[in-house]
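Inspection log for the structure reproduced underneath, given as C-alpha cells.
The values are calculated or read from the model by the stated rules, or taken from the named source; none is laboratory data. The shown structure was predicted, so the numbers you read here are calculated from the model rather than taken from an experiment. Backbone-built Cβ (ideal geometry, glycine too); neighbour counts: all protein chains shown. Only protein heavy atoms, including side chains, enter the accessible area calculation; ligands, DNA and RNA are left aside. Shrake-Rupley method; radii C 1.70, N 1.55, O 1.52, S 1.80 Å.
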Amino acid sequence: MANNSYSGVKNSMAEANHDGEFGCTLKELRSLMELRGAEAIGKIGDSYEDVHGLCHRLKTSPTDGLSGQPGDIEKRKTEFGENLIPPKKPKTFLQLVWEALQDVTLIILEVAAIVSLGLSFYRPPDAEREHCGRAAGGVEDETESEAGWIEGAAILLSVICVVLVTAFNDWSKEKQFRGLQSRIEQEQKFTVVRAGQVIQIPVAEIVVGDVAQIKYGDLLPTDGILIQGNDLQIDESSLTGESDHVKKTQEKDPMMLSGTHVMEGSGKMLVTAVGVNSQTGIIFTLLGTAEDDEDDEEEKKKEKEEKKKQRKNKKQEASVENRKKAKAQDGAAMEMQPLNSDEGGDAEEKKKAGPPKKEKSVLQGKLTKLAVQIGKAGLVMSAITVIILVVLFVVDTFWIQNLPWVKDCTPIYIQFFVKFFIIGVTVLVVAVPEGLPLAVTISLAYSVKKMMKDNNLVRHLDACETMGNATAICSDKTGTLTMNRMTVVQAFIAEKHFRKVPDPESIPASILDTLILGIAVNCAYTTNIMSPEKEGGLPRQVGNKTECSLLGFSTDLKRDYHAIRNEIPEEKLHKVYTFNSVRKSMSTVLKMADGSYRMFSKGASEILLKKCYKILTANGEAKVFRPRDRDDMVKKVIEPMASEGLRTICLAYRDFPVSEGEPDWDNENDILSGLTCLSVVGIEDPVRPEVPDAIRKCQRAGITVRMVTGDNINTARAIATKCGILLPGDDFLCIEGKEFNRRIRNEKGEIEQERIDKIWPKLRVLARSSPTDKHTLVKGIIDSTVLEQRQVVAVTGDGTNDGPALKKADVGFAMGIAGTDVAKEASDIILTDDNFSSIVKAVMWGRNVYDSISKFLQFQLTVNVVAVIVAFTGACITQDSPLKAVQMLWVNLIMDTFASLALATEPPTEALLLRKPYGRNKPLISRTMMKNILGQGVFQLIIIFTLLFAGEKIFDIDSGRNTPLHAPPSEHYTIVFNTFVLMQLFNEINARKIHGERNVFDGIFNNLIFCSIVFGTFIIQVISSIPTSRLKFLKSAGHGTQKSEIPDEELDELEDNEEIDHAERELRRGQILWFRGLNRIQTQIRVVNAFRSSVSLYEGMEKPDSRSSIHNFMTHPEFRIEDSEPHIPLIDDTDAEDDAPTKRNSASPRNATPTPPSPTTTVAPTTPLSPSPTPLSPSPNQNNNAVESSNHLLPEGPKSGSPSAPGSPLHSLETSL
C-alpha cells in the first residue's frame, strides 16, 4: 500500500536521489507516516531504533534542530519537497465572460438583436411598400434605412459592454480574494528550533528534519513524530472524523498529522513530511485540489470530513493520473501557495466569483427577495407591452386600413413584430435591477479592501455587512480591552505585602531560590523574555503573556531563569499538567537527585489557595494555612489587588518524599492538593488608551458591550469601570460564571431560555467564566425573543476554547497576534492589531455597506419605475417606445453598472455611528427612501410626458410620435432621451443621501470614483446624442465599397496617401492655383453650354461622401460635377462661404430655409439627385496645402459653419450671364 500511495506525488528530484545524502528516502518516510499507534512504534524501532535514530538519519539534532544553513535547507526542499500545496487555478477572464453571458435576459436580447440585424438588410421592392399599410412608411429615408442595422448592432454592443463589465468586476473580486488569502498565509508562522535557537518562520519555510515546538492552540502545518510531549491531546477530527481528543505520547502514539489541532499540552516534534507528501497534502492531491472554493465553510468541513473518513480506501483506489497531476503540480513551485494554517481544509477561504454562491447574509437575503419581486413585475409589464403593441398594429393595419395580408409584406410585418418584441425585452431588461448583486459585490469587495487598512482582515465577505447590524459585542478582556503586556507590580511573599516589586535582599534566600526555580520550570519553555528590538525599548515578550510577566518578575529579582532552564532542559521534566480552562492552573513535576519529586504549581489565586494547607513564613519555614487564614488573605491581599484591576496569581509547590513511592500521576485531584503557598503576585495589564473612547462610540451607536473574562470578579469590575463598560450609579449586573450557571439552570440542571432572558439584558461583566459559559451566553442572546429585534452578536476570542462561541456568533473576531490558529479558523474577521477600537471601524464599514446598497436601491428603483412607465405608456399610446432599445440598454448600463460603482464606493463617515442598528427585520427601503423615490419618480414622469406629448410645440420641431418603421431618429425623441438621462445623472447625486439630509453635495469630492463616473457618463451622453445622419461613415459600414466604384484618382490617392512630403507640398502650391484657375474657366464654359442647351442644370452630379476627414462627416450633403476630365478641386473655403446664399436662392423651394437639409435634398426642380450608395471621392472643399499631386488632393473639411455647397458654379454662371 505504501508503494501504491507513493506512486507519483514525490518530488521529481527525489527519484534520482534515492539513496541520497540522507539516511532515509521520501518513500520510507511516507510509508512510515501512514502507520498509527503500536504499528508505527514497531516500525520506528525496527528501522531506526527510536526517534533519535531517525533524527540522526535526517541529519538533525533533537535538541538544537537543523543548522539553518541555506544550502542544507535547499537540499531538503529538493529531496523531500516544500511545504506548499498547489492552489486551485483561478478562472480565466474568458471563463468569467462566458459565465456572465449565461444571463437569461441577455440571451433573449442577443437573439432579438440578431433577428433585427438580419431583417434590417432585407429590402422589399418599393412599389409593393404601399400595400403594407401606413406604418411601413413609403416615405422611408434612404440614409436611415441603410443605417437600419445600427440598432441591432448597438444592442449587441450594449450586451458586450454589460458582459465585459460584469466579468471584469468578477475578475477583480477574485484577484482581491487571492490577495487576501496570501495575506492570511503570510501571517501564518510556526515555531521551530534551528541551531539551538527558538525562532518563528513562515509555515512555507518548514522542511523535513526541522524540530518544531508545538503548543496548545496550534494547527499542525506538517506531519511529524513526537520527540517529547507534555500532556498532549490532539483533535484529529478533521482527518479521521473522531471527535474525541487523542492522547499523544512517545510510548503509545507519537504520530503527529498535519491539519490536526493541539487542544492541550505542549511538546516538540520532528518534521517528517511536508506539503503534498503530508497527510493533508495527500488528500488534497486525491481530491485534485478540486474542492470548490466557493463552498460555505460548514459544507466544506463536512465534505472534507467525509472524504477524510474514506481516505484509506481512496488512497488504494486513487488513479495514477491523480498522482501524475500532483507530481506536475509539485514541480510548479512558482504557482504554489504556502500550506496555510487553515489547511486542515476547513477554512481555505478563496471565495471566488461565479454563479454558485452558497452563503447569503441578511442583506443578500433581502436583496434577492426584492430583485425577484421587481423581476416578476417587469416580466408582467413587458408581456403586456408586447401584447398591446401587437394588437394595436394588427387592428390598425388589417381592420382600420382594411388591408389584406400580402405575401411580399410578410418580412415587413415580421420586422414590426421583432421591433415590438425588442421593446418588450428592453422593458424587462430595464425593470430587472441586475445592478443590485453587482452593487453588493462591489461594495463588499471595496470595503474588505479598505478594512485591511483598519486592521480588519475579513475572512467571510458577509461578516463585513452583518457587523453593521451588530447590537451586542461580547469582548474578552485580556489583549482586546487591555494592552496584553503584563508586568508584576505587587507581591505577597513571606507574609509581607509588597506594593511594588521587592528588593531581592528583603526576601529569605531559601524562599527566593524555590520561587525562581518554580517560575523557570513551571512556565512553558516556549515563553521567553527577549532583548528589545530598539535601543531603550521595552523587552519583547514571546509566548504566554502571564508567564512572561512572571519571567520578568524573576529578572526584576536579579535572577536569570535561562541558567535554570539550561540546567533542566524540557526533556528532564518528569510530568507537566498544562494549563487549561478546567484546571485554571499549571503544574510541573521535577525528579530530585534523591529520588523524591517536587511539583510546582501556579494558577488563579482563589482556586489554588483552596488547595494550599501550608504557607511559607518570613524565616523560610512552612506553617499551617487554615481556611480562616485563607479568608483573611483574600480580604487583605487578593481583593485590594483585584480592585486596582490587577490579575492575581498564586505560586505554590508540593514535595513527594521517596518513602511514599511514586504517586499515581493520573489521579490529578490527589496530586493537586496539600500544596504549600510560596507567593501571590498582582499582575497589571493596562487598559488600551483608545478603548474607553471606542466603547463610548459603540454605546452611542446602540451597541451593548459586555466583558466576558476568566479573571477574578474584582479585577474584571475594575477594568470594566476604567473602560466605561460599567458606569458609576448604573444597576448593571456583574457576576461570576458559577452564579451565572446557577441562575440559568432549572432544578434538573438544564439551561432554560426564560432564565437567560432575565439576566442578559442587564449583564455587563461575566467573570471567572469558562468557554462553555461564553457559548451559552452568546447562544442565549441570539435565541432570545425578549426584544422585538433579534439581537446580532459579535464575539471576540483568542483561545482554542473560544472556537464554539466564535462559530455561534453572527460575527466572530479572532485576535491576529495573540489568537491561536483554532480561534482564527473559527472566526469571520481577524483583528490584526488585537485592538477593540478596530471593531468599531468594522461596525462603521458594515453600516456603510448597508447604506451604499440603500443609496443604490433608491437610485435604481427611481430609474426602473420611470423607464418602465415611460416605455409602457409610450408604447401603448404611440405604438412605439419613446425610449428605444439601444437607449434603454445604455441607461441600463450607466445606471446599473456605473452607478453601482459610484455609489458603492462612498467612504464611511463618523455620522454612521450616531444612529441605532437597522436590525434584521427592518425593510430595505425606509420611509424616507420611499418618499425620495416617489417624489423623484413623479417629477421625472411629469417632465418626460410633457416633452413627449407637447415637446414639438414647445420647441417648434417635428413630432416624433407615430413614425414609420425605419424613420430617422427625430429631434423630438432625442430631446426626451437626453432629458431622461440627465435627470438620472442628477438623481445619482441626490441618491448619495438617504436619511433626509438637506445637503446632497456634502463630501462629494472625497469620492473621486463618484465624480469621475458622473462626469464620464455626461461626456459619453453628449457624444452619443449626435444624430446618425451626421455620421455618414455609418451609412456605408454595412455594405463595404466595391473597388470598381472608386475613381482611379482616388485609388491612386489611397495608395500614395502615406507618402506625402511636406517640402513637395510647398513646391506644388503654385501649380495648384494654376490648375484651379484653368478648371474654373472650363467649368464656366460648360455651365454656359449646359444652360443654352437647356439641359438639366447639374446633370450627372452625385453626392460625395468623404472618408478621409472627420470634419466632413459632420457637414451637410454636398454635390460635385462629374466629367470625363480629371477632377480638380474647384474653389477654396472662402468661396463656399460667400456663395452659400446664392445657392440657397437658386435652390428649389423645398430647401429655401437655412435649416440643415435632409440627406435627400433636391437642388433643382427638375432633377432629384440620385443618392449614391457608396462614397465616391473627396469632398470639393480643399485646403491649398492639402496636396498630393496636380490631379488628386487630400480632402480637408470645411471650416465654415454654414451649409457648404458648391456655390461657385452658380456664382460663375451669374458672372458669365
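Any residue that is at pLDDT below 90 and farther than 30 Å from Q69 by Cβ - is there at least one of those in region 267-278? No, region 267-278 has no match at all.
For region 657-678, a tally of residues being in contact (Cβ under 8 Å) with a residue 12 or more places away in the chain and at positive phi returns 1. Please verify whether S258 is closer than 24 Å to E571 by Cα, among the hydroxyl-bearing types (S, T, Y), crowded, with 24+ Cβ neighbours inside 10 Å and modelled with pLDDT of 80 or more, treating the condition exactly as stated. Spelling it out, S258 is indeed closer than 24 Å to E571 by Cα, among the hydroxyl-bearing types (S, T, Y), crowded, with 24+ Cβ neighbours inside 10 Å and modelled with pLDDT of 80 or more. Return yes when D629 is assigned to a helix (DSSP H, G or I), among the charged types (D, E, K, R) and out of contact with any strand residue (DSSP E or B) (no Cβ under 6 Å at 6 or more places or on another chain) and no when it is not. When the stated conditions are applied, D629 passes them. Those strands (runs of 3 or more DSSP E) of region 637-746 in which at least 3 residues are buried (at least 16 other Cβ atoms within 10 Å of the Cβ) and touching a helix residue (DSSP H, G or I) at 6+ places or on another chain (Cβ under 6 Å), considering only elements entirely within it, cover 647-656, 675-684, 704-708. When region 888-911 is filtered for residues that are surrounded by fewer than 18 Cβ atoms within 10 Å (Cβ to Cβ), part of a helix (DSSP H, G or I) and in contact with a helix residue (DSSP H, G or I) (Cβ under 9 Å, 6 or more places away or on another chain), only E910 remains. Checked against (1) part of a loop (DSSP other than H, G, I, E, B); (2) over 42 Å from the mean Cα position of the chain (by Cα); (3) at pLDDT below 85, K10 meets all criteria but (2).
In region 650-661, which residues are acidic (D, E) and within 60 Å of the chain's Cα centre (by Cα)? Write out each step before concluding.
Taking region 650-661 as the starting set, the residues that turn out to be acidic (D, E) are 655, 660.
Correct list: D655 only.
Please find, within region 208-236, the residue that is most open to solvent (accessible area, probe 1.4 Å) out of those that are within 16 Å of N801 (Cα to Cα) and in contact with a helix residue (DSSP H, G or I) (Cβ under 7 Å, 6 or more places away or on another chain). Across region 208-236, the extreme among qualifying residues is Y216.
Okay, residues lined up against (1) closer than 26 Å to Y597 by Cβ; (2) of a type outside the set (F, W, Y):
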| position | (1), (2) |
| --- | --- |
| E505 | no, yes |
| S510 | yes, yes |
| T526 | yes, yes |
| K534 | no, yes |
| G537 | no, yes |
| S549 | no, yes |
| K558 | no, yes |
| Y561 | yes, no |
| E567 | yes, yes |
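If you check E82, E34, E28, E74 for being open to solvent by 10 Å² or more (accessible area, probe 1.4 Å), closer than 19 Å to I227 by Cβ and modelled with pLDDT of 80 or more, only one passes: E28.
Test S581 against the stated conditions and say whether it is more than 56 Å from the chain's Cα centre (by Cα) and of a type in the set (S, T, Y).
On the way: more than 56 Å from the chain's Cα centre (by Cα): no; of a type in the set (S, T, Y): yes.
Considered against the rule, which asks whether it is more than 56 Å from the chain's Cα centre (by Cα) and of a type in the set (S, T, Y), S581 comes out as no.
Of all the criteria given as (1) farther than 16 Å from G209 by Cα; (2) open to solvent by 10 Å² or more (accessible area, probe 1.4 Å), the one not satisfied by K268 is (1). Counting the residues of region 747-767 that are in a loop (DSSP other than H, G, I, E, B) and open to solvent by 30 Å² or more (accessible area, probe 1.4 Å) gives 7. Q373 passes every criterion in (1) over 27 Å from T92 (Cα atoms); (2) surrounded by 15 or more Cβ atoms within 10 Å (Cβ to Cβ); (3) modelled with pLDDT of 50 or more; (4) not aromatic (F, W, Y) apart from (2). A single member of T482, T471, T514 is closer than 29 Å to S837 by Cα and open to solvent by 10 Å² or more (accessible area, probe 1.4 Å), and it is T471.
Given the criterion at pLDDT 90 or above, open to solvent by less than 50 Å² (accessible area, probe 1.4 Å) and under 23 Å from G267 (Cβ atoms), identify the matching residue among V589, V576, V634.
On the way: V576 fails: at pLDDT 90 or above; V634 fails: under 23 Å from G267 (Cβ atoms).
Exactly one of V589, V576, V634 is at pLDDT 90 or above, open to solvent by less than 50 Å² (accessible area, probe 1.4 Å) and under 23 Å from G267 (Cβ atoms), namely V589.
Listed by first and then second residue, the pairs linking a residue in region 383-397 that is on the phi < 0 side of the Ramachandran plot and of a type in the set (G, A, S) to a residue that is open to solvent by less than 40 Å² (accessible area, probe 1.4 Å) and part of a helix (DSSP H, G or I), with Cβ atoms under 9 Å apart and 6 or more places separating them unless they lie on different chains, are A383/G424; A383/L428.
One line per residue, one yes/no per condition, for (1) within 28 Å of R915 (Cα to Cα); (2) outside any helix (DSSP H, G or I):
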residue	(1), (2)
D833	yes, yes
W845	yes, no
I853	yes, no
V868	no, no
A871	no, no
C876	no, no
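Would you confirm whether any residue within region 925-938 is part of a loop (DSSP other than H, G, I, E, B) and not hydroxyl-bearing (S, T, Y)? There is at least one residue in region 925-938 that is part of a loop (DSSP other than H, G, I, E, B) and not hydroxyl-bearing (S, T, Y).
Residue by residue, here is whether (1) of a type outside the set (G, A, S); (2) modelled with pLDDT of 70 or more; (3) buried (at least 18 other Cβ atoms within 10 Å of the Cβ) holds:
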residue: H131; (1), (2), (3): yes, no, no
residue: F168; (1), (2), (3): yes, yes, no
residue: Q181; (1), (2), (3): yes, no, yes
residue: Q186; (1), (2), (3): yes, yes, no
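Restricting region 950-1003 to residues that are part of a loop (DSSP other than H, G, I, E, B), of a type in the set (G, A, S) and buried (at least 20 other Cβ atoms within 10 Å of the Cβ), the residue that is modelled with the lowest pLDDT is G960.
Of all residues in region 598-621, those satisfying the criterion of being open to solvent by 40 Å² or more (accessible area, probe 1.4 Å) and over 20 Å from K496 (Cβ atoms) are R598, E606, I607, K610, K611, Y613.
Restricting attention to region 582-601, report how many residues are under 15 Å from V658 (Cβ atoms) and in contact (Cβ under 8 Å) with a residue 12 or more places away in the chain. Explain how you work it out, then say what you get.
Kept after step one, since they are under 15 Å from V658 (Cβ atoms), are these residues of region 582-601: 589-599.
Now restrict to residues that are in contact (Cβ under 8 Å) with a residue 12 or more places away in the chain: 589-591, 594-599.
Residues that pass the stated criteria total 9.
For region 832-887, a residue qualifies if it is open to solvent by 10 Å² or more (accessible area, probe 1.4 Å), farther than 22 Å from L457 by Cα and of a type in the set (S, T, Y), and exactly one does: T873.
Against the conditions (1) within 27 Å of S266 (Cα to Cα); (2) open to solvent by 10 Å² or more (accessible area, probe 1.4 Å), V489 satisfies every one except (1).
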